Amino acid sequence: MAEGRRKLGPVSRTLRFVAAALLLALLTPPVLVVLLLLLPWRLARIRVGTAYGNVLGLLIGRALGFRYAVRGRERLAGSMPAIYVVNHSSALDLLVGLALVPRAACGVAKKQMARVPLFGQAYLLSGHLLLDRGSRDKAVAAMDSTAQVMKRHGLGVWIWPEGTRSEDGRLKPFKKGFVHLALATGLPVVPVVIHDAPSRWPARTLDFYPGTLQVEVLEPIPTDSWSADRVAEHAEAVRQVIAAALPEGQRPI
């Protein structure tokens, strides 16, 4: 359980949400204009989208009362290009991803992200990847396309391999898309571990507990010896690395 948990009252919580919404409303329209002007150039849009996300993730996190303490921060930009594999157990994970994703990396999100007012439209225009989880063929095609863009432009990728947020806070089985990306690009996998987010902002509630969120960037995992006939094994090996770094309450049962 995270230290210093203090539940906000309804007035304080509402004021923080309003501040976050105002930040989104103020920052996003100028970015949308820039992204529209850059429509023919996907790489430029990806970089602008990432820079926008870095600022948004930091400022909205602050507005809600969160700070990020990152151990191993030098492994983020220092490992580029790489495939950043992150556990997903809270709405806070999106803010962490936005704030920390390296400038020369793109994100991977579910297609439903495009429905989020303002932010969804910016994400859609940014050239970052939206996956249709309901269609395996479309998801595979999108991953293939992403691998080609990564190789062409020397990009990394930030991905939540559980596919969707864990409801009980415990690490779920990994989908294998990141392994296919590693096989296609030869890039290392960098595990990123977000600690105690479920206790800071539990699933299916608007109650949250401001404070410092601990994030740990682990050593890069080389993938040059990975093979297509061991995809499930590679995915599980990375999952076990992340599980070992998580607190007991977030590890899979």
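The values are calculated or read from the model by the stated rules, or taken from the named source; none is laboratory data. Please read these numbers as outputs of a predicted model, since none were measured by experiment. In this analysis, Cβ positions are derived from the backbone assuming ideal geometry, glycine residues included, and neighbour counts consider all displayed protein chains.
Assorted remarks:
- One residue alone among 22, 58, 36 is among the hydrophobic types (A, V, I, L, M, F, W, C), assigned to a helix (DSSP H, G or I), modelled with pLDDT of 95 or more and in contact with a strand residue (DSSP E or B) (Cβ under 9 Å, 6 or more places away or on another chain), and that residue is 58.
- Residue 100 vs. criteria crowded, with 18+ Cβ neighbours inside 10 Å, free of Cβ contacts under 8 Å to residues at least 60 places away in the same chain and touching a strand residue (DSSP E or B) at 6+ places or on another chain (Cβ under 8 Å): no
- Being out of contact with any Gly (no Cβ under 6 Å at 6 or more places or on another chain), in a helix (DSSP H, G or I) and modelled with pLDDT under 95 holds for only one residue in 180, 234, and it is 180.
- Selection from the range 109-128 of residues that are crowded, with 21+ Cβ neighbours inside 10 Å and either aliphatic (A, V, I, L, M) or under 20 Å from residue 67 (Cβ atoms) (or both): 122
- Residue within the range 206-229 that is within 19 Å of residue 71 (Cβ to Cβ), at pLDDT 95 or above, touching a helix residue (DSSP H, G or I) at 6+ places or on another chain (Cβ under 8 Å) and in a helix (DSSP H, G or I) present: no
- Flag if residue 43 is surrounded by 20 or more Cβ atoms within 10 Å (Cβ to Cβ) and modelled with pLDDT under 95: no
- Which numbered condition residue 143 fails, given (1) touching a Pro at 6+ places or on another chain (Cβ under 8 Å); (2) over 24 Å from residue 73 (Cβ atoms); (3) crowded, with 18+ Cβ neighbours inside 10 Å: (1)
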